[in-house]
Structure formats: C-alpha cells, structure tokens
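Enquirer: After the structure tokens below, expect a handful of questions from me.
The values are calculated or read from the model by the stated rules, or taken from the named source; none is laboratory data. Everything quoted here is computed from the prediction, not taken from an experiment. Note that each Cβ is placed from the backbone with ideal geometry, even for glycine, and that neighbours are counted across all protein chains shown.
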Amino acid sequence: MENRANLIRYNIERIRVEMAAAARRAGRAKDEIELLAVTKNIPIEEIRIAVASGIKFIGENKIQEARKKFFLLGPMVSWHMIGHMQTNKARSAAAIFDLVESVDSRRVADALDRAAKGLDRQLDVLIEINVAAEEQKFGVLPGQAEELVRYVSQKEHLRLRGLMAMAPYAPDTELVRPFFRHMRRIFTDLRRRLPEPKPWNILSMGMTHDFRVAIEEGSTLVRIGTGIFSASASQGGVA
Ligand SMILES: *Cc1c(COP(=O)(O)O)cnc(C)c1O
C-alpha cells in the first residue's frame, strides 16, 4: 500500500507539471484547467490517497459503483458522472453527482431535470459530443449540438455549464488535435449564440494519452484514469 500511495502521489504531481507545461505552451494560465481523477474500478483506499494528494474532482461511469463510493467518501470532493446515463438511474445520479458530463439526449435531460426538481436542487450538466462521429461512442453529433444545447438550457433545474468529448484513440496524438480544435470552436460558437448568459465555462476533454494536446486546444477539465492509478501508464503514457 505504501508503494501504491507513493506511485499515486507521484503520478498526480507529474501530471500537474505536464498540465502546467501544456498550458504555458498555449499561453494559458495553469489554473484555468482542472484535473479530474477517473476512479472507475479503483478501490476506495486508492481514491482516498488521490484526494489526500489534492484531487478535488472524481469521475465515475456507473451509478451503482459511484453510490457505494459516495457513501464512503462523501461530498468532500466534486462528483462527476462521465458514463452513459440511463434514465431510470436519474434519481440516484441527481442525488450523488455535482455534475453530469454525459447528457446526450432530450430524454436524459428530462429525466435529470425531473429528478433534480424532486430533490429541490440545481444540477450542473454538460452535453456530450461525439466529435468524430464514431459508431461505438455516445454523444450527439456536432451538427446536433446546438439544438440540444437550446433545449437543455431551458430546463429549470439543470445548469448547462458546457461540453464534454472523447477524441478517437490515436498513438500519435497530433492526429486528434483537429478534433479538440473543432470542439473548442463549437464551444465558443455556442457560447455566443446562447439565449442568456449562463455559467458556460467547462470544456471537458483530454484523457491520459491526449491531455496535453487537449489543453493546448482549450480544455478546461482533463479526465485522467490510468495516468494516475497505473504504474505502466505513468512510465509510458505520461512521459
Ligand atoms: C475511462 C475514462 C476516462 C479516463 O481514461 P484514461 O485513459 O484511463 O485516462 C476519461 N473519460 C471517460 C469518459 C472515461 O470513460
């Protein structure tokens, strides 16, 4: 455990240094970008280590697993739902999460709005964009983003904060730069066209292998799993 703890602390430090370097390359301030630890399949003891190392945002992709961990860890961190939402889990999701990053349909938005209303709260959400139109991925296509953005921004109990996307995997991350750039363009374009000023300020993109490029192209939130919790990724992926 001591070794695991050291590894996790080391990984987090290293990623923060790399995040700052990427921000500098793009002429951005490093505190414009938050680090979210993706903790799916990670045991609670290791999540505690990450939190003790300064992690403030936790991402989970299954409601059941998130629920268990939420009861153990509590609201000392900010909980993000990053997996596909099933509408029958909306109530649990609205109870646990501070932000649902994966809204990709009117049905999901309706269910979350209803659940948030039942809990008498406002729920922050992002709209997930399938930026490369990949068949196996969730999210709306870029061309359908504006319609869903307009719809969700009218929901009384949802606060639409921005967009989330996953780039396709490519060993050479330069190949995915155009997708991040496209996301940035959609993000700023929609901000201009939104009916009323809302806190539209989260562009969630970048994972272990491509977070540097994502930051260079405007990400405000990177979601890192293996880079924090796995030894091989810390040697290979985050070099
Ligand atoms: C698993 C996951 C991540 C983290 O991926 P890593 O490559 O392990 O950093 C980020 N975002 C989403 C939506 C995920 O499901």
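Enquirer: Can you tell me which residue within the stretch 162-185, out of those that are buried (at least 22 other Cβ atoms within 10 Å of the Cβ) and outside any helix (DSSP H, G or I), is nearest to the ligand (Cβ to nearest atom)?
Expert: Out of the qualifying residues, it is M166.
Enquirer: Could you tell me whether the stretch 186-193 includes any residue that is away from the ligand (no atom under 16 Å from the Cβ), touching a Phe, Trp or Tyr at 6+ places or on another chain (Cβ under 6 Å) and in contact (Cβ under 8 Å) with a residue 40 or more places away in the chain? Don't jump to the end; show me each part of the working.
Expert: The first filter runs over the stretch 186-193 and keeps only residues away from the ligand (no atom under 16 Å from the Cβ), leaving 186-193.
From the residues that got through so far, the ones that are touching a Phe, Trp or Tyr at 6+ places or on another chain (Cβ under 6 Å) too are 191.
Next, from what is left, pick out any that are in contact (Cβ under 8 Å) with a residue 40 or more places away in the chain: none.
For the stretch 186-193, residues away from the ligand (no atom under 16 Å from the Cβ), touching a Phe, Trp or Tyr at 6+ places or on another chain (Cβ under 6 Å) and in contact (Cβ under 8 Å) with a residue 40 or more places away in the chain: absent.
Enquirer: Whether any residue in the stretch 166-187 is of a type in the set (K, R), within 25 Å of A94 (Cα to Cα) and at pLDDT 95 or above is what I want to check.
Expert: Here is the first cut: in the stretch 166-187, the residues of a type in the set (K, R) are 177, 181, 184-185.
With the extra rule that they be within 25 Å of A94 (Cα to Cα), the set shrinks to none.
No, that holds for no residue.
Enquirer: Of all residues in the stretch 146-161 being under 20 Å from the mean Cα position of the chain (by Cα) and charged (D, E, K, R), which is farthest from the ligand (Cβ to nearest atom)?
Expert: Once the filter is applied, the top-ranked residue is E146.
Enquirer: Residues that are outside any strand (DSSP E or B) and within 26 Å of I42 (Cβ to Cβ): does the stretch 192-206 have at least one? I'd like the intermediate steps shown before the answer.
Expert: Applying the first criterion (outside any strand (DSSP E or B)) to the stretch 192-206 yields 192-201, 205-206.
Now drop any that are not within 26 Å of I42 (Cβ to Cβ), which leaves 205-206.
Yes, the conditions are met somewhere in the stretch 192-206.
Enquirer: Just need a number here: residues in the stretch 198-231 that are more than 8 Å from the ligand (Cβ to nearest atom) and of a type in the set (K, R).
Expert: 2
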